[in-house]
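Report on the structure given below.
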2 protein chains.
Amino acid sequence: MRERYKRLIVLTSYLLDHPRIQLSLTELSGILQVAKSTLSEDLMFVKGILESSGRGRVMTQVGVQGGVIYLPNLDRARARNSLQQWAERLMEPERLTADGFLYMTDLLFDPAMVDPLGELLAAPFNKLHVDSVATVETKGIPLAMACARALGTEVVLIRRDSRLSEGSALSINYLSGSSRRIQSMSLSRRALKPGSSVLFVDDFMKAGGTARAASDLLGEFGATVVGVGVLVATREPANKLVDKFWSLLEWQENAPSRVVPSEWANALCEMREEH
Amino acid sequence: MRERYKRLIVLTSYLLDHPRIQLSLTELSGILQVAKSTLSEDLMFVKGILESSGRGRVMTQVGVQGGVIYLPNLDRARARNSLQQWAERLMEPERLTADGFLYMTDLLFDPAMVDPLGELLAAPFNKLHVDSVATVETKGIPLAMACARALGTEVVLIRRDSRLSEGSALSINYLSGSSRRIQSMSLSRRALKPGSSVLFVDDFMKAGGTARAASDLLGEFGATVVGVGVLVATREPANKLVDKFWSLLEWQENAPSRVVPSEWANALCEMREEH
């Protein structure tokens with residue numbers, strides 16, 4: 001009996017430690033040192049419990065190429081707490097700089113803060129096919145990485161200027177909506193396969209000029225932008241330069257400055273996992 | 001009996017899903033819907049199995065403030081595979097650009113590729129007290145985030161130029177060792193508490209000028225750099241501008257170009273977890 005407890009605990013921990021990766025049954029039975037038939041039985045048992053308790057899904061394929069993939073569910077309680085915590089921290093008075101910016105670099109670069117919101121932002125795109133998550137350097141990178149991790153894909157990095165180290169690149173200039181300055185962005189020709197479906201992610205949106213320029217640049221690569229997701233969007237201007245975008249938090253800049261979770265984000269936290 | 005199996009599987013998955021976070025026993029018994037006494041028994045059982053199988057450690061504190069923290073062990077088999085995979089991928093002939101650079105942005109921004117090496121790079125620093133991981137934008141960010149996640153801390157981002165959105169900053173100019181150009185870097189005054197212990201992480205090192213300048217800048221903030229870790233270092237020049245650094249992979253640039261795991265990285269993969 002003790003042996004079975006042990007097997008189930010080790011199997012559970014192994015699955016949880018290797019999310020979204022196809023594990024071969026042969027390899028797994030070697031690592032856990034059990035016969036394949038026992039492993040299959042244990043797997044079905046663990047699958048039943050992880051799925052009924054809502055922690056995640058276990059997908060098994062039978063046959064010679066038999067394998068198993070563990071897909072964690074979004075932790076909605078954690079996402080809800082995290083949204084609340086972000087809203088509170090962003091309202092700390094010292095975060096408003098003398099120039100009217102909202103300082104959030106420290107939070108964006110803290111894995112414990114940014115990872116739960118990256119998972120939340122990725123959740124509605126799990127059902128679509130997303131080849132890559134794109135972002136423009138620099139501050140959106142950790143959020144984009146967390147999204148990509150949750151979607152089992154990678155990040156395509158748009159640079160502010162082209163880099164010798166990345167070979168030839170395509171560049172565009174655009175008028176930044178908020179600063180009214182000419183800015184440029186650039187993407188290495190080898191960074192993206194033609195015909196890719198891309199989720200564009202950034203930390204912040206005001207007028208939406210960066211998101212629109214990025215969409216244009218990605219379009220030049222024959223990519224389709226399936227969504228634009230940002231951590232914080234300002235309430236004003238209400239009409240952004242992109243048609244549609246998803247923001248987790250909303251910032252009302254005018255005094256009293258206020259940051260609140262968006263209705264969309266709140267609704268996401270309440271949604272039930274579909275099976 | 002079935003109930004106990006179920007409890008143990010759900011408890012294991014909950015611990016694995018919340019690594020390095022103090023979980024209160026009261027909260028945990030609510031989530032798992034068991035009495036605290038049963039939870040304590042289950043915890044001791046799961047702890048024994050996760051520890052004896054080498055998957056991770058479970059630290060429990062008794063008393064009213066009683067809590068539990070799960071600390072995953074480094075997955076050395078995965079780290080070893082990952083090192084090998086990086087070495088192979090970096091030797092793909094098309095990665096050498098016409099200007100003699102090694103293109104690695106795609107791999108650096110793929111969570112499945114960069115996370116295991118971030119964990120490996122962080123492993124020897126787990127025993128030291130590290131307050132923050134610092135990096136200079138841009139390409140080292142995902143590696144630095146993975147290190148910070150493994151160390152339970154956050155990343156301090158050194159910018160190439162100072163940003164209005166981050167308030168007042170301290171900047172330094174330095175001569176880049178490899179390009180012989182004057183470069184600058186800048187850190188927001190609010191980014192780092194004085195007296196911090198910092199691990200500096202970057203994707204690439206040739207002469208070591210960036211690492212040295214970053215150490216100088218961090219020193220201006222009263223921080224102590226407890227280590228310099230990079231993903232790839234060139235074999236030449238053998239004498240870098242920093243006294244000591246740790247690199248996971250070594251690149252011999254002269255034809256035939258070759259990338260191999262460093263001796264240090266190989267040794268790290270063989271080390272046993274200390275308890």
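The values are calculated or read from the model by the stated rules, or taken from the named source; none is laboratory data. Because the structure is predicted, anything quoted here is derived from the model rather than measured. For neighbour counting, all protein chains shown are included, and Cβ atoms are generated from backbone atoms with ideal geometry for every residue, glycine included.
Below are the figures for this structure:
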{"quantity": "Failed item in (1) of a type in the set (Ser, Thr, Tyr); (2) more than 30 Å from B:HIS18 (Cβ to Cβ); (3) at pLDDT 95 or above, with A:SER168 passing the rest", "calculated": "(3)"}
{"quantity": "Looking only at the range B:43-72, and only at residues there that are touching a residue at least 24 places away in the same chain (Cβ under 8 Å) and at the interface with chain A (Cβ under 10 Å from one of its Cβ atoms), the one that is farthest from the chain's Cα centre (by Cα)", "calculated": "B:PHE45"}
{"quantity": "Residue list for the range A:35-61, filter: in contact with a Ser or Thr (Cβ under 8 Å, 6 or more places away or on another chain), assigned to a helix (DSSP H, G or I) and under 17 Å from B:LEU16 (Cα atoms)", "calculated": "A:VAL46, A:LYS47, A:LEU50"}
{"quantity": "Yes/no for A:ARG78 being within 10 Å of another protein chain (Cβ to nearest Cβ) and buried (at least 20 other Cβ atoms within 10 Å of the Cβ)", "calculated": "no"}
{"quantity": "Subset tally (residues that are under 23 Å from B:ALA267 (Cα atoms) and either facing chain A (nearest Cβ under 8 Å) or in a loop (DSSP other than H, G, I, E, B) (or both)) for the range B:115-139", "calculated": "6"}
{"quantity": "Extreme residue, modelled with the lowest pLDDT, among residues of the range A:62-114 that are small (Gly, Ala, Ser) and in a loop (DSSP other than H, G, I, E, B)", "calculated": "A:GLY63"}
{"quantity": "Residue in the range B:241-251 that is touching a helix residue (DSSP H, G or I) at 6+ places or on another chain (Cβ under 7 Å) and either free of Cβ contacts under 8 Å to residues at least 60 places away in the same chain or not hydrophobic (A, V, I, L, M, F, W, C) (or both) present", "calculated": "yes"}
{"quantity": "Residue in the range A:97-106 that is among the aromatic types (Phe, Trp, Tyr) and within 9 Å of another protein chain (Cβ to nearest Cβ) present", "calculated": "yes"}
{"quantity": "Filter pass, A:ASP161 being out of contact with any His (no Cβ under 8 Å at 6 or more places or on another chain), surrounded by fewer than 16 Cβ atoms within 10 Å (Cβ to Cβ), touching a residue at least 12 places away in the same chain (Cβ under 8 Å) and closer than 21 Å to B:THR135 by Cα", "calculated": "yes"}
{"quantity": "Matching residues, the range A:220-240, being over 20 Å from A:ALA146 (Cβ atoms) and either crowded, with 22+ Cβ neighbours inside 10 Å or touching a helix residue (DSSP H, G or I) at 6+ places or on another chain (Cβ under 6 Å) (or both)", "calculated": "A:ALA223"}
{"quantity": "Which numbered condition A:ARG149 fails, given (1) outside any loop (DSSP other than H, G, I, E, B); (2) more than 18 Å from A:SER247 (Cα to Cα); (3) out of contact with any helix residue (DSSP H, G or I) (no Cβ under 6 Å at 6 or more places or on another chain)", "calculated": "(3)"}
{"quantity": "Qualifying residue in the range A:84-96 (condition: facing chain B (nearest Cβ under 9 Å) and buried (at least 18 other Cβ atoms within 10 Å of the Cβ))", "calculated": "no"}
{"quantity": "Qualifying positions in the range B:125-154 - surrounded by 24 or more Cβ atoms within 10 Å (Cβ to Cβ) and among the aromatic types (Phe, Trp, Tyr)", "calculated": "none"}
{"quantity": "Residue ID - farthest from the other protein chains (Cβ to nearest Cβ), chosen from residues in the range A:1-20 that are surrounded by 17 or more Cβ atoms within 10 Å (Cβ to Cβ) and charged (D, E, K, R)", "calculated": "A:ARG7"}
{"quantity": "Unmet requirement for A:ALA213, which otherwise passes all of (1) within 20 Å of the chain's Cα centre (by Cα); (2) at pLDDT 95 or above", "calculated": "(1)"}
{"quantity": "So B:ARG55, is it among the basic types (Lys, Arg) and assigned by the TED database to the domain that holds B:LEU143", "calculated": "no"}
{"quantity": "Residue in the range B:86-101 that is free of Cβ contacts under 8 Å to residues at least 60 places away in the same chain, within 30 Å of A:ARG4 (Cβ to Cβ) and in contact with a Gly (Cβ under 9 Å, 6 or more places away or on another chain) present", "calculated": "no"}
{"quantity": "Residues of the range A:92-112 that turn out to be touching a Ser or Thr at 6+ places or on another chain (Cβ under 7 Å) and among the hydrophobic types (A, V, I, L, M, F, W, C), as a count", "calculated": "2"}
{"quantity": "Evaluation of A:GLU27 against (1) touching a strand residue (DSSP E or B) at 6+ places or on another chain (Cβ under 7 Å); (2) charged (D, E, K, R); (3) assigned to a helix (DSSP H, G or I) (one fails), failing number", "calculated": "(1)"}
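Each row is one residue, and each column tells you yes or no for (1) part of a strand (DSSP E or B); (2) in contact (Cβ under 8 Å) with a residue 12 or more places away in the chain; (3) in contact with a strand residue (DSSP E or B) (Cβ under 9 Å, 6 or more places away or on another chain).
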position: B:SER171; (1), (2), (3): yes, yes, yes
position: B:GLN183; (1), (2), (3): yes, yes, yes
position: B:LEU187; (1), (2), (3): yes, yes, yes
position: B:LYS193; (1), (2), (3): no, yes, yes
position: B:THR210; (1), (2), (3): no, yes, yes
position: B:VAL225; (1), (2), (3): yes, yes, yes
position: B:ALA238; (1), (2), (3): no, no, no
position: B:ALA255; (1), (2), (3): no, no, no
